[in-house]
Amino acid sequence: MSIKCSDFGGMRVGAIIKTSYDTGSYLVQRISEVCTCPSYTASLNGDDSPSKPHYHFTLKDLDKRGDTSWLNGYAPDADGVWRSVWNDKDYLIIDVGGVVSDYIDETGTQLDMF
Ligand SMILES: [Zn+2]
């Protein structure tokens, strides 16, 4: 199963995003398949029950010299707003920077598009 470009409030590889808690901007490099892994913090307390379905993002941190970063455990709500399934007050925002549709990484490899 893969994510369709038209789904999820415009989230896609190449999108520029930042979070509501002032991290980013990030370039989305990879979006995982849907996942139900347990909350890390809950698992520390012995709770390994599956989480609400969510995705994991691999990102290039545009504010930190392009370092690789990750955002874990996010899913779009009914309005297409990406929220943490583990922390209701955190959510992703599509930045005004829009989509880098022709993004090519340093190795010259075209990123996978869905
Ligand atoms: Zn997961």
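The values are calculated or read from the model by the stated rules, or taken from the named source; none is laboratory data. Nothing here was measured: the structure is a model prediction, and the numbers come from that model. Every residue, glycine as well, gets a Cβ built from its backbone with ideal geometry; the counts of neighbours run over all protein chains shown.
Brief remarks on what is shown
- Residues that are among the hydroxyl-bearing types (S, T, Y), more than 12 Å from A75 (Cβ to Cβ) and either surrounded by fewer than 16 Cβ atoms within 10 Å (Cβ to Cβ) or at pLDDT below 90 (or both) within segment 21-38 comprise Y21, T23, S25, listed in sequence order.
- Scan segment 65-76 for residues that are surrounded by 12 or more Cβ atoms within 10 Å (Cβ to Cβ) and out of contact with any strand residue (DSSP E or B) (no Cβ under 9 Å at 6 or more places or on another chain) and the total you get is 0.
Conditions (1) away from the ligand (no atom under 13 Å from the Cβ); (2) at pLDDT 90 or above, marked per residue:
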site: T19; (1), (2): yes, no
site: A42; (1), (2): no, no
site: L59; (1), (2): yes, yes
site: G66; (1), (2): yes, no
site: G80; (1), (2): yes, no
site: V85; (1), (2): no, yes
site: G108; (1), (2): yes, no
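- Looking only at residues of segment 21-40 that are in a strand (DSSP E or B) and of a type in the set (V, I, T), we find that the one that is nearest to the ligand (Cβ to nearest atom) is I31.
- Selection from segment 44-57 of residues that are surrounded by 12 or more Cβ atoms within 10 Å (Cβ to Cβ) and more than 12 Å from the ligand (Cβ to nearest atom): none
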